Amino acid sequence: MPPPPTRRAAAVLGATLALTGLGVPSAAAAPPTLDVVNLGDSYSAGIGTGGVRARPWDERCLQGSGRDHVAALDDHPRVDVVLDAACAGFRSADVAALAGTPAVAAALAGADAVTLTLGGNDVGWGEFVARCGSRGDPEGCEELQDEAPARIAAAAEAAGRTVAAVGDATCGQVVVLGYPRLFDARRDSALITAERAAELNAWTDELNAALEEAVTAEGAVFADVTDRFRGHGVGARDPWILFEPGGQENLHPTERGYLSGYLPALRGELARTR
């Protein structure tokens, strides 16, 4: 089990987040800065916001070039994202390995909060969409769905190990963000039928539930974004999930998805830790 947040971390979280309107500000003194480290996969890396860039410290680490929830959090005058090391394509084991490198370990040691998404790449959602989509392989889709419970269980177990490793490296609060349902299951879309969309959305719910159980057991808090994204999946009239034929960033939140879905959820969970 990771150590609980220090009193300093708890005080910093409460005082800083008071300025966001989520707490009661103190008139006695200006609150200190909240130091945040961001880790995880493409949903933490802002993929889907309009372009991709390599991080200068590792050209293999790709992030979105637009505005996401991490950038918005960093814009607050009392929040400092001291390290944004989320990378598209990362599995849980990749996040754990990165957390053990000297630069990231040093940032974690001084962090008041750590945010991340993880688990989706361990399950292999891209394979599910490819096989279960309108142009997919119905038989292959059924085979994958038979495998889904085992894949989800393994992904949650790996996420728990990674969160434990991150927790061992920091006295800050670890906040794991969940995944939105990707599809609007009320109608067929060009990508997927409504029936298949409902099936894959249900597996997303199963993954979120398994992740929540695994990471909270290791002392993290889990921020569920399902309700915030409800009605905004692929095929909706106002989608917050990107899908463009031939696009390289498909099935990730748009800028609005990050700012209206992930950002409020992240702020809410940080505020509860005060």
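The values are calculated or read from the model by the stated rules, or taken from the named source; none is laboratory data. No experiment lies behind these values; they were computed from the predicted model shown. Backbone-built Cβ (ideal geometry, glycine too); neighbour counts: all protein chains shown. We work out accessible area using only protein heavy atoms, side chains counted, and drop any ligands, DNA or RNA first. Shrake-Rupley method; radii C 1.70, N 1.55, O 1.52, S 1.80 Å.
Taking every protein chain into account, the accessible area of the range 18-160 amounts to 43 square angstrom per residue (probe 1.4 Å). Of the residues Cys132, Cys171, the one with the largest accessible area comes first in the ranking Cys171, Cys132, computed with a 1.4 Å probe on protein heavy atoms. The smallest convex shape that holds all Cα atoms of the chain, its convex hull, gives 113 Å³ per residue.
Using R0 = 35 Å, the C-beta based FRET efficiency linking Arg135 and Arg237 works out to 0.90.
Each helix, a run of at least 4 DSSP H residues, gives -39500 (n - 2.57); summed and divided by the residues of the chain, these come to -12500 deg cm²/dmol at 222 nm.
Descending by average beta-carbon neighbour count within 10 Å, the peptides 52-63, 228-239 line up as 228-239, 52-63, the highest first. In this simple spin-label approximation, Ala105 and Glu206 carry label points 7 Å from Cα along the Cα→Cβ vector, and these lie 3.8 nm apart. The accessible area of Thr254, taken with all protein chains in place and a 1.4 Å probe, comes to roughly 30 Å². Taking all protein chains together, Glu249, Glu255, Glu213 sort by accessible area into Glu213, Glu255, Glu249, largest first [probe 1.4 Å]. For the pair Gln248 and Asp75, a Förster radius of 25 Å applied to the C-beta separation gives a FRET efficiency near 0.40, rounded to the nearest 0.05. With each pseudo-label sitting 7 Å past Cα toward Cβ, what's the Thr226-Asp146 distance in nm, one decimal? Modelled inter-label distance: 2.6 nm.
Couplings for the range 127-134, taken from phi via the Karplus curve 6.51 cos²θ - 1.76 cosθ + 1.60 with θ = phi - 60°, read 5, 4, 5, 4, 7, 9, x, 4 Hz in order; Gly and Pro are left as x.
Surface composition of the range 117-274: carbon plus sulfur atoms hold 47% of the accessible area, using a 1.4 angstrom probe and ignoring ligands, DNA and RNA. Between the range 55-124 and the range 160-222, the alpha-carbon centres lie 17 Å apart.
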